Amino acid sequence: MIGKWLNFFLRANAFKDFDASGFGRHQRNFIDDEMALSMKNHHVLVTGGTRGIGYSILKELYIREASQVVISRDKKNAISEISKFYKKSDKVKIDLLTGDLASYHEIIEALENRNLEPFNVLIFNAGGMYSNKILNTFGYEHTLSSQLIGHYVLFRWLMDNNLLAPGCRIIWVSCGEMYLKKLELDDLNFAQEPFDQNIAFANVKRAQVIVNEELANRYSNKNLSFFCMHPGWVKTNSLRTNSPQFFKKAEERLRTPEQGADTIIWLSSVQKVLESGKFWFDRKICRTHRFFWTKEKDMEREKLMDLLETQYQASTSIIQ
Ligand SMILES: NC(=O)c1ccc[n+]([C@@H]2O[C@H](COP(=O)([O-])OP(=O)(O)OC[C@H]3O[C@@H](n4cnc5c(N)ncnc54)[C@H](OP(=O)(O)O)[C@@H]3O)[C@@H](O)[C@H]2O)c1
């Protein structure tokens, strides 16, 4: 009961910032000439660049002439969406890789066969909720395996293979739902409790915030920058399908995908040094906790990083 009340209270409070009117207010302070208008010679990897927020990212980076590798599952949809603005004769390169991030070893295998150039920006945007519990080859639940482990494995593999350019920016797209969640590692695969897509999702989004901070600390000597952000409430099919009641109530006030993508584009292109490891919303650093009970212990952070590293080792050993 208390949980439900708090949930309602937080949503009601947060909403004034997370919706389109919040974007409008915050936008008044944006300085657009901070951003590079041309990203020619920049190589960007975007996961989930074929729908919703990711599709807006793809189009905006295309206008800025960044070459892109895009990962998503549905090849037919990806080709149809990308061909709405892109022609193969274009000088700007868009390379599509179709695969499920939950099968991270297959994604790595597919990348090994590409002629990749070191990336200047990685955008870990792919995400969503899954209505049923599905486990991957390694026994991990799908939300966790695709949005957290998959992205971590991708990052580690690119780093080990010298495919991160000096100064590379790594951007994790999290969600404001994580404010309601403390990191839980004891039943990640819902072996004890019934599967709950909202809990799985919020836990993974909380974990992304932590991993971003940990990577910034662990690789502070590597000339890499790590950012995590949340886009606010955005009118996408994913939100319509996963939270139909919320979508119906809030539809008129939701952000456009372009507004949801704004901070991601800004983090990708801003021409100044930003502090690594922080959490961003509407181009500003913001807090990662609103309630003391969502704070995790150092031991839990360690455990999370160990799990991710173990999965990286496991997935690369399958390929060899
Ligand atoms: N919409 C919101 O209000 C909102 C709020 C907060 C945070 N976010 C976050 O923003 C990000 C984008 O959300 P969205 O609303 O734009 O979602 P969306 O419209 O459903 O787009 C998700 C993208 O990710 C790809 N994708 C999903 N699962 C994948 C997997 N397992 N492997 C590879 N690609 C996968 C999808 O392509 P395929 O289906 O072809 O695979 C699609 O291109 C997500 O991380 C989401 O959690 C969204």
Subject >> the stretch 198-320: relative contact order as a whole-number percent, Cα under 8 Å and 6+ apart >> reply: 30 percent
**OP:** Run the numbers on the stretch 114-211 and let me know its relative contact order in percent, using alpha-carbon pairs under 8 Å that are six or more apart.
**Re:** 39 percent
Original post:
Using helices alone, what [θ] at 222 nm do you get for the chain, with -39,500 (n - 2.57) per DSSP H run of 4 or more residues, divided over all residues and rounded to the nearest 500?
Top reply: -13000 deg cm²/dmol
Original post:
Dipole of the chain (Lys/Arg Cβ +1, Asp/Glu Cβ -1, origin at the Cα centre): which of ASN223, ALA20, TYR86 lies farthest to the positive side?
Top reply: ALA20
Original post:
If you rank CYS228, CYS175 by fewest surrounding Cβ atoms within 10 Å, what's the result?
Top reply: CYS175, CYS228
**OP:** Give the distance, in whole Å, between the Cα centre of the stretch 284-320 and the Cα centre of the stretch 29-58.
**Re:** 26 Å
Subject >> Share, in percent, of DSSP beta bridges within the chain that are antiparallel, nearest 5 >> reply: 10 percent
Original post:
Most fluctuating residue of PRO194, PRO257, PRO244 in a GNM of the chain with Cα springs under 10 Å: which is it?
Top reply: PRO194
Original post:
In terms of the Cα gyration tensor, with a ≥ b ≥ c the square roots of its eigenvalues, is the chain rounded because a/c is under 1.5, prolate because a/b exceeds b/c, or oblate?
Top reply: rounded
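Determine the relative contact order of the chain: mean sequence separation of Cα pairs under 8 Å and six or more apart, normalised by residue count, in whole percent.
21 percent
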Subject >> Listed pairs LYS87/LYS248; LYS205/LYS272; LYS40/LYS76; LYS87/LYS222; LYS16/LYS59; LYS181/LYS284 exceeding 31 Å between Cα atoms >> reply: LYS87/LYS248; LYS87/LYS222
Subject >> Interchain or long-range residues, amide H under 5 Å from LYS278's placed H >> reply: CYS228
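None of the figures in this text is laboratory data; all of them are computed from the coordinates on show. Given the structure is predicted, the values throughout are model-derived calculations rather than measurements. Heads up, the Cβs are rebuilt from the backbone with ideal geometry, glycines too, and the neighbour counts pull from every protein chain shown.
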